[in-house]
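Below: the structure, in structure tokens.
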Amino acid sequence: MFFAIDAFMNFAPNGSSVFLERRTQDRPAVHFVTGRAPILRLSGQLMDFSRRCDQAGAMHDLAYFLSKPGALPRVPHLLLAGAANLDVANPNLDDVAGCVLIFEQRVFGFGVGAYATNDRSGRSTLIAPPGDRMKVAAAACRALLNRGAHLIMLSFRKAETDFLESSEPAGPRLGKRAKTVARWAQRDRPIPGYLPLASTYDATLATIGQRTRSNLRYYRRRAEAELGCRFFPRIEVSREELLKFNRESMYEVSASVAGWRYDSLKELSEPIFMGIKDRDGRWLSMLAGRRYLDRSELLWQMNRDGLWSNSLSAVMRSYFIEHEVARGVRRVYIEGGTPHPIKFSFMPESLTDLVVMRQTITAKVMQGIAKRYISKDNELSHMLSAPELIWHPC
């Protein structure tokens, strides 16, 4: 996938991108910004750059995603592709061709050469003008390989105008002095993107599948009649209250994750924190999310255990959707996706997965661990095990 970027970008005052007349066969330099604090210092410029690249909102609430817990400790890296003399502390956006946000997995405090993105939707992974996203992905992979990466997984949004410069298989190529060989595989797959919201709650429900629509209405009426359910669009609870409710919830998470959920709300520019109680004042469900632009995103939800037949998840989401419609929100996302049938009413979007793996013993061990121990619904595990994938040499 490594080929020259024909031109760097310049941007018109109205934010639309235009190509410079001059062309260059030089590859863009890739600069590393490592660590949460240095990356956060660039958050304003990253939001501006995402707007220029027709990816508005992609870099909002960056602090939340940089601190999100994972299976292993990890260090975030922001890879800036652009001019060789780019000032990474205060980059001139006219000299930036694109950027990639990726995380280095660590074991016992040491990097193991495994890099993966942290956003299952791919919206906040790679920012570049339409037509150049594949090129920026290639440049980022090359830079990581040259730093000794053994395994790279990138999931990102490729624009329809992205193209390759030849009909030959295009993949990351190692430098001339590289002593090992790598291979790469790519796939494009559809994902449920977002639920479009109409101007009224009823009009929104009309766009949802009949059975799901009926369930949202039925379980909400039932919860109100049987449990005395009351909705609170903005709640304030202590950290201890949330930890206690987590212990009483279905699918209890660890105390550290629950504590992070609570603490991270204060880092969101416009947090959502709502809930429902029964007639005795007990919490039935809590839902947290964020708002940005004309969009809302559900980040996590906790439901009281022992009430499976009441479908509290559907009840809470019914209130949530109605409330967001009233606020004028036009899109609802669910971070990480959802197994709930409502996903079939979401607008489909396309996601590109790119895996690069060195032909080394270390990489093969990582591949075996991923196949055996990582959940089968994890896309890295799925790609490394998929027999239909075509692997290309770098």
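Assuming a ≥ b ≥ c are the square roots of the Cα gyration tensor eigenvalues, decide whether the stretch 212-322 counts as rounded (a/c under 1.5), prolate (otherwise, with a/b larger than b/c) or oblate.
oblate
Using a 10 Å cut-off on Cβ atoms, rank the peptides 267-273, 387-393, 231-237, 251-257 from the highest mean neighbour count down.
Packing proxy ranking, top to bottom: 267-273, 231-237, 251-257, 387-393.
Provide LEU293, LEU227 in ascending order of the number of other Cβ atoms located within 10 Å of each residue's Cβ, fewest first.
Result, fewest neighbours first: LEU293, LEU227.
Cα centroid distance between the stretch 215-247 and the stretch 94-157, in Å?
39 Å
Given an 8 Å cut-off on Cα distances and at least 6 residues of separation, report the relative contact order of the stretch 29-94 as a percent.
Across the stretch 29-94, relative contact order equals 52 percent.
Can you sort ILE361, ILE127 from fewest to most other Cβ atoms within 10 Å of each residue's own Cβ?
ILE361, ILE127
From a point 7 Å beyond the Cα of GLU236 in the direction of its Cβ, which residues of the stretch 261-279 have a backbone N at a distance under 17 Å?
263, 265-267, 271-275
What pairs from LYS158/LYS277; LYS68/LYS158; LYS266/LYS343; LYS68/LYS277 go past 32 Å between their alpha carbons?
Violating the 32 Å limit, Cα to Cα: LYS158/LYS277.
Modelling each spin label as a point 7 Å along the Cα-to-Cβ direction, I'd like the SER309/ASP202 distance in nm, to one decimal.
3.2 nm
Measuring from label point to label point, each 7 Å out along Cα→Cβ, what is the VAL365 to LEU93 span in nm?
4.4 nm
Taking the number of other C-beta atoms within 10 Å as the exposure measure, put LYS364, LYS135, LYS68 in order starting with the fewest.
Ordered by Cβ neighbours within 10 Å, fewest first: LYS364, LYS68, LYS135.
Hey, rough spin-label estimate for VAL253 and LEU389, points 7 angstrom out along Cα→Cβ, what's it come to in nanometres?
2.7 nm
Each reported figure results from applying straightforward, stated rules to the coordinates on display, with no laboratory input. Computed from a predicted structure; not experimentally measured. Every residue, glycine among them, receives a Cβ derived from its backbone with ideal geometry; neighbour counts consider all protein chains shown.
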